[in-house]
1. Please state the Cα pair-distance histogram of chain A with 20 angstrom bins from zero: what percent is in each bin?
2. Can you give the local net charge around B:Ala247? Use residues other than it whose beta-carbon is closer than 15 angstrom to its beta-carbon, Lys and Arg +1, Asp and Glu -1.
3. Taking the Cα centre of each part, how many Å lie between segment A:1-37 and segment B:59-105?
4. I want to verify a result. In a Gaussian network model of chain B, Cα cutoff 10 Å, which of these has the top mean-square fluctuation: B:Arg90, B:Arg11, B:Arg243?
5. Using the Karplus equation 6.51 cos²θ - 1.76 cosθ + 1.60 (θ = phi - 60°), what ³J(HN,Hα) coupling, rounded to whole Hz, does each residue of segment A:266-280 give in order, writing x for Gly and Pro?
6. Assuming R0 = 41 Å, can you tell me the calculated FRET efficiency for the pair B:Arg56 and B:Ser100, based on Cβ-Cβ distance, to the nearest 0.05?
7. Convert 10 °C to kelvin, take the viscosity as 1.306 mPa s, use the Kirkwood radius over C-alpha pairs of chain B as Rh, and evaluate the Stokes-Einstein diffusion coefficient in µm²/s, rounded to a whole number.
8. Please give the net charge around B:Leu237, taking every other residue with its beta carbon less than 13 angstrom from that of B:Leu237, where Lys and Arg add +1 and Asp and Glu add -1.
Amino acid sequence: MSQGIVVEGLDKRFGSFNAVRNVSFQAVDGEITALLGPSGSGKSTVLRMIAGLERPDTGRVWVQGEEQTWKTPQERRLGFVFQHYALFRHLTVRENVAFGLSVRRAPREEQRARVDELLELVGLAGFTGRYPDQLSGGQRQRVALARALAPRPRVLLLDEPFGALDARVRLELRRWLDELHRELGVTSLLVTHDQDEALELANQVIVMHQGEVEQAGTPDDIYNRPGTPFVAGFVGASNVLRGSVWERHLHFGRSAVAGAYHLDDGGEAYAYVRPHDVRLTNQAGDLSFPVTIDRRTNLGWMSKLTLRLQDGQVLVAEVPNEDLDGVSFARPVFVDLRHAKVFGTGPAAAPAEAELASV
Amino acid sequence: MSTRPTAVPARGRLIRAGVLALGLTYVAILLLAPIVGIVWTALKGGPHVVPGPLERADIQHALFRPVIIAAVTVGVPAVLGMVVALVLARDRFFGKRIVSAIVDLPFAVSPVIVGLAAVVLFGRGGWFEAFFAARGIQVIFALPSMILVTIFICIPFVIREVVPVLEELGTEEEDAARTLGASPMQAFIRITLPNMRWALLYGVALSTARALGEIGAVLIVSGAIQGQTETATLYVLRALEERQDAAGYLVALTLAAVSVLVLLGIEVFKRRQAKEMGR
């Protein structure tokens, strides 16, 4: 079995809160898999159950074909990187990285060589004698990664590893982790709430919502072929437009978009449109419709526009400025929505409203 | 605004200086004056008066007794206090708040009542008297009851120092140690214990100081038998009643000197802990 990590039917309750519900997925050996979801979606709990730090109520966990469900964390030999580093504050960088080797009673010479090798790898060779409080956030997380890798874990579990860092360091470490993974090829499972991070780093993305897996697939699948309204809304900031289905089109007042082929006429449906999939023209076409412009902000290379449809719904568009060259705001403006995804039910908060409207 | 820049700050400084002076005066009158008074009275006959009383057998015994009590006593609150602190900081259970409140009981209850409770349990006709009498163990009017009441009084010190440190530490470092291959025991000994060691020592130092100076409960349960169950504090009490002022003050001074040493230790532990928690 070449599967890195397999989980099957994981369930976990904390009191009356059902944190994880029937979660199953596989993480391919040698690749990075991302568990993506908003906070409270249960993704960290899944990771902690794989590491053995939480016990699942039901379900099973395998790593490289070996069942782990009843093993203790120290028997599993998995590397774990915590969001807040969890470095041992009373130990130096060297002692931190050596910890996993020294508890397994590796010979001193081997420990020394392995620690030097890893600190070299993470670019902190000159920091062996420092304490964690003498390092920056980015350096701490690199020490944490070296510490997790030192005992040669079978897989690496990363729990929001960049979550506590500022934006610039985040980006830097993300690139660095990508390179490191190319070099080492260790099977990795990355928990994150940042879709850019997941899409950039992972070969496979598992989107979680309210304790359940919403969709699993390649970054391309998740981004371009969202399977549920939640995924469409979460991955890439989306506009949600409510309309009614008529002749395979979704109509908003007298405007319409294509793509409602799977829905019956007369029903209500929602279109998900990303801001950069909105195109502006001065020409009316088959599927373009008139809008009024509420607000326009120039961000340098692109403009952010707040548009209002004829029926009053608001649409946010992000358009590269060069695409606006031929558009005159003095004349009527029309929009053309590309890649609209139409779903019969709305986002998590909307169904109640939709039910009310249909009574 | 910049025309009279010193007006308000000057008044603020004055108030601040006043508050500082008030605080220092309070400390000086209530804490320093008695110590200076004891030193002065004990040594006013000149330094040559010191060896005399300290060579007396009953005084040596009285000084040595609390050392034994403190030594035995401190180990128990240190170990059990640590266990209770771990439970209070880490576990959630029904009635946790009540347990947490009960832990503080020795702070609230007068030591005399603690002593009386021990007499009720172990004294003549007490619930456990028959059990120990049958085994030939004398509890009341002997060392066991003195140790027992001192342990009771010292319970909260370690717990109250260690719980906040454990709460701040959280379990992440322990979790990290577990994923790196440490057993729960290894994680505790190599990670948690070093992280709380200064708080633990601080609590132990406070208990020691309290054990050395305890009088109320010990007075009730010990019977204050000269040369047997008389502790240093009890000796001071007797010396004053028998108008042996010089010897009484000297023992008091010795007690105070030990307390100052313990206090210095406490300061060191407190600083180290504060420094390590910053990491």
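1. The percentages, shortest bin first, are 26, 46, 24, 4.
2. Neighbourhood net charge equals -2.
3. If you average the Cα positions of each part, the centres end up 44 Å apart.
4. Residue with maximal mean-square fluctuation among B:Arg90, B:Arg11, B:Arg243: B:Arg11.
5. With the stated coefficients, segment A:266-280 comes to x, x, 9, 8, 10, 9, 9, 10, 6, x, 7, 9, 9, 10, 9 Hz.
6. Here the calculated transfer efficiency is 0.35.
7. In µm²/s, the coefficient rounds to 72.
8. Local charge sum for B:Leu237: -3.
Coordinate-derived values only; no laboratory data. Predicted model only: the values in this text are computed from it and were never measured. Cβ atoms come from the backbone with ideal geometry, glycine included; neighbour counts cover every protein chain shown.
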